[in-house]
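Structure first, commentary second.
The values are calculated or read from the model by the stated rules, or taken from the named source; none is laboratory data. Fair warning: this is a prediction, and the values are worked out from it, not measured in the lab. Reconstructed Cβ throughout: ideal geometry from the backbone, glycine too, with neighbour counts over all protein chains shown.
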């Protein structure tokens with residue numbers, strides 16, 4: 001059983017939670033999210049708190065899904081209240097990004113243009129041509145799209161060129177000349 005899931009999820013002001021037909025929906029100032037519930041958990045809303053507990057009819061490992069759904073609901077509450085943001089930085093000569101309609105256009109040193117469709121529900125902006133900001137209320141969608149953008153040109157260990165998360169540490173390697181000594 002998850003230790004975090006023993007604590008209730010406190011709802012901020014302006015956030016509402018409703019449960020109908022094995023589906024939980026969270027509404028807030030930034031939007032609304034829904035999640036299908038598993039039969040292994042029971043959700044109770046009391047005042048401005050949400051409690052996640054294992055279902056009474058589960059005998060084999062009753063708390064195994066409790067922590068998962070506690071985290072999913074907590075992320076939904078945070079998303080509709082504050083939102084989530086991932087920032088990526090592009091490091092390399094000639095690396096640029098721009099938003100054109102519903103596409104993110106990347107110039108990352110390849111012969112063909114790289115256009116990525118922006119998923120609905122996300123807001124993508126580019127600052128200084130090399131800093132990409134991805135915002136949204138769904139934590140999974142924000143993280144998944146940021147990972148897809150990073151995967152187009154991950155940072156390489158020798159010069160550090162590529163797309164990386166902001167403040168990500170890239171472990172650098174010494175080149176061949178540094179290993180053997182240049183003659």
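How about the range 103-114: which of its residues are surrounded by 12 or more Cβ atoms within 10 Å (Cβ to Cβ) and in contact with a strand residue (DSSP E or B) (Cβ under 7 Å, 6 or more places away or on another chain)? Walk me through how you get there before you give the answer.
Of all residues in the range 103-114, those surrounded by 12 or more Cβ atoms within 10 Å (Cβ to Cβ) come to 103-109, 114.
103, 104, 105, 106, 107, 108, 114 - these are the residues of the range 103-114 that are surrounded by 12 or more Cβ atoms within 10 Å (Cβ to Cβ) and in contact with a strand residue (DSSP E or B) (Cβ under 7 Å, 6 or more places away or on another chain).
If you take the residues in the range 96-108 that are at pLDDT 85 or above and not in a strand (DSSP E or B), which one is nearest to residue 146 (Cα to Cα)?
Among residues in the range 96-108 that are at pLDDT 85 or above and not in a strand (DSSP E or B), the one nearest to residue 146 (Cα to Cα) is 102.
Within the range 22-29, can one find any residue that is free of Cβ contacts under 8 Å to residues at least 12 places away in the same chain, touching a strand residue (DSSP E or B) at 6+ places or on another chain (Cβ under 8 Å) and within 30 Å of residue 165 (Cα to Cα)?
The first filter runs over the range 22-29 and keeps only residues free of Cβ contacts under 8 Å to residues at least 12 places away in the same chain, leaving 25.
Of the ones still in play, those that are also touching a strand residue (DSSP E or B) at 6+ places or on another chain (Cβ under 8 Å) are 25.
Next, only the ones that are within 30 Å of residue 165 (Cα to Cα) stay: none.
Within the range 22-29, not a single residue is free of Cβ contacts under 8 Å to residues at least 12 places away in the same chain, touching a strand residue (DSSP E or B) at 6+ places or on another chain (Cβ under 8 Å) and within 30 Å of residue 165 (Cα to Cα).
Being touching a strand residue (DSSP E or B) at 6+ places or on another chain (Cβ under 8 Å) and free of Cβ contacts under 8 Å to residues at least 24 places away in the same chain, is that true of even one residue in the range 1-14?
Looking for residues that are touching a strand residue (DSSP E or B) at 6+ places or on another chain (Cβ under 8 Å) and free of Cβ contacts under 8 Å to residues at least 24 places away in the same chain, one finds none in the range 1-14, hence no.
Kindly indicate the residue of the range 30-42 that is free of Cβ contacts under 8 Å to residues at least 40 places away in the same chain and assigned to a strand (DSSP E or B) and also surrounded by the fewest Cβ atoms within 10 Å (Cβ to Cβ) among those meeting that condition.
Step one: filter the range 30-42 for residues free of Cβ contacts under 8 Å to residues at least 40 places away in the same chain, giving 34, 36-42.
Narrowing the set further to residues that are assigned to a strand (DSSP E or B) leaves 34, 36, 41-42.
Details: 34: 12, 36: 8, 41: 24, 42: 17.
Applying the filter and picking the extreme gives 36.
What do you reckon, is residue 67 surrounded by 15 or more Cβ atoms within 10 Å (Cβ to Cβ), in contact (Cβ under 8 Å) with a residue 24 or more places away in the chain, part of a loop (DSSP other than H, G, I, E, B) and outside the structural domain of residue 121 (by TED's automatic domain parsing)? Let's see the steps before the verdict.
Working: surrounded by 15 or more Cβ atoms within 10 Å (Cβ to Cβ): yes; in contact (Cβ under 8 Å) with a residue 24 or more places away in the chain: yes; part of a loop (DSSP other than H, G, I, E, B): no; outside the structural domain of residue 121 (by TED's automatic domain parsing): yes.
So residue 67 fails the test.
Within the range 109-180, which strands (runs of 3 or more DSSP E) (wholly inside it) include 3 or more residues that are touching a residue at least 60 places away in the same chain (Cβ under 8 Å)? If you could, list the steps in order and put the result at the bottom.
Working: elements: 114-117, 122-127, 131-136, 162-165.
Hits in the range 109-180: 162-165.
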